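Everything on this sheet refers to the single structure shown next.
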Amino acid sequence: MNRLKYLYSHFEEVVSTALLAVMAVFAFLNVLTRYFIHYSFAFTEEIEVALLVWITMLGAAAGFRRCVHLGFHFLSSKVPPAGRTVLLVISSLLTIFCFGVLLRYSLVQIQDELILAVTTEALDIPQWLYTLALTVGSLLVIFRVVEMTVNTLRRKGD
């Protein structure tokens, strides 16, 4: 049970670590092949960029879960506790709106990529698989923002 709790609490970090390891292996293999056989695995760049998008979205979600994103500290330090609660709710709603817009347009992009059967240049795989990072990442960020806001408001209520 503790492993499931740990995985829930650190899902973004666990997945990001695995993706970063894959990226590092690809980059290392690419360097080795260029050095020893003077041939580049150019397709690995496509995979590394796609994984970087996943890591970025996972990192954003982890930041919200930990409450470590940059905030309006100057502004919130000048208002009373009730004002901080209002600022928390407003900033959370704005963040949800922002990632909601990203979610909507990522779904539109995936729909277009499916209709047009767009594939990637190097590996010729469906492009929507890469765009899915924005959709899943946006959902995860929205979930973590709601979770963080609810937990913070509960702590203030205690």
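Suppose the filter is closer than 17 Å to Val141 by Cα, free of Cβ contacts under 8 Å to residues at least 24 places away in the same chain and surrounded by 11 or more Cβ atoms within 10 Å (Cβ to Cβ); does Leu7 pass it?
When the stated conditions are applied, Leu7 passes them.
Can you tell me which residue in region 16-43 is farthest from Cys67 (Cα to Cα), limited to those that are part of a helix (DSSP H, G or I) and in contact with a helix residue (DSSP H, G or I) (Cβ under 6 Å, 6 or more places away or on another chain)?
Asn30
Name the pairs: first residue in region 88-113 and farther than 13 Å from Leu139 by Cβ and in contact (Cβ under 8 Å) with a residue 12 or more places away in the chain, second residue surrounded by fewer than 18 Cβ atoms within 10 Å (Cβ to Cβ) and among the hydroxyl-bearing types (Ser, Thr, Tyr), Cβ to Cβ under 8 Å, at least 6 apart or on different chains?
Leu88/Thr152
With the requirement that a residue be outside any helix (DSSP H, G or I) and at negative phi, what does region 44-80 give you?
Residues satisfying the conditions are Val68, His69, Leu70, Gly71, Phe72, Lys78, Val79, Pro80.
Name the one entry in Val89, Val146, Val79 that is over 29 Å from Phe43 (Cα atoms) and under 16 Å from the mean Cα position of the chain (by Cα).
After applying the criteria, what remains is Val146.
When Ser138 is evaluated against the numbered criteria (1) more than 14 Å from Glu12 (Cβ to Cβ); (2) crowded, with 16+ Cβ neighbours inside 10 Å; (3) small (Gly, Ala, Ser); (4) modelled with pLDDT of 95 or more, which criterion, by number, is the only one it fails?
Result: Ser138 fails condition (1) only.
Filter region 112-135 down to the residues that are in a helix (DSSP H, G or I) and in contact with a Phe, Trp or Tyr (Cβ under 7 Å, 6 or more places away or on another chain), then identify the one that is surrounded by the fewest Cβ atoms within 10 Å (Cβ to Cβ).
Leu114
Show the residue pairs that are 6+ apart or on different chains and have beta-carbon atoms under 7 Å apart, the first residue being within region 33-49 and loosely packed, with under 12 Cβ neighbours inside 10 Å, the second being at pLDDT 85 or above and part of a loop (DSSP other than H, G, I, E, B).
Going by the 7 Å Cβ cut-off, the qualifying pairs are Ala42/Ala122.
The values are calculated or read from the model by the stated rules, or taken from the named source; none is laboratory data. Just so you know, these numbers come straight off a predicted model, no measurement behind them. FYI the Cβ positions are ideal-geometry reconstructions off the backbone, even for glycines, and counts take in every protein chain you see.
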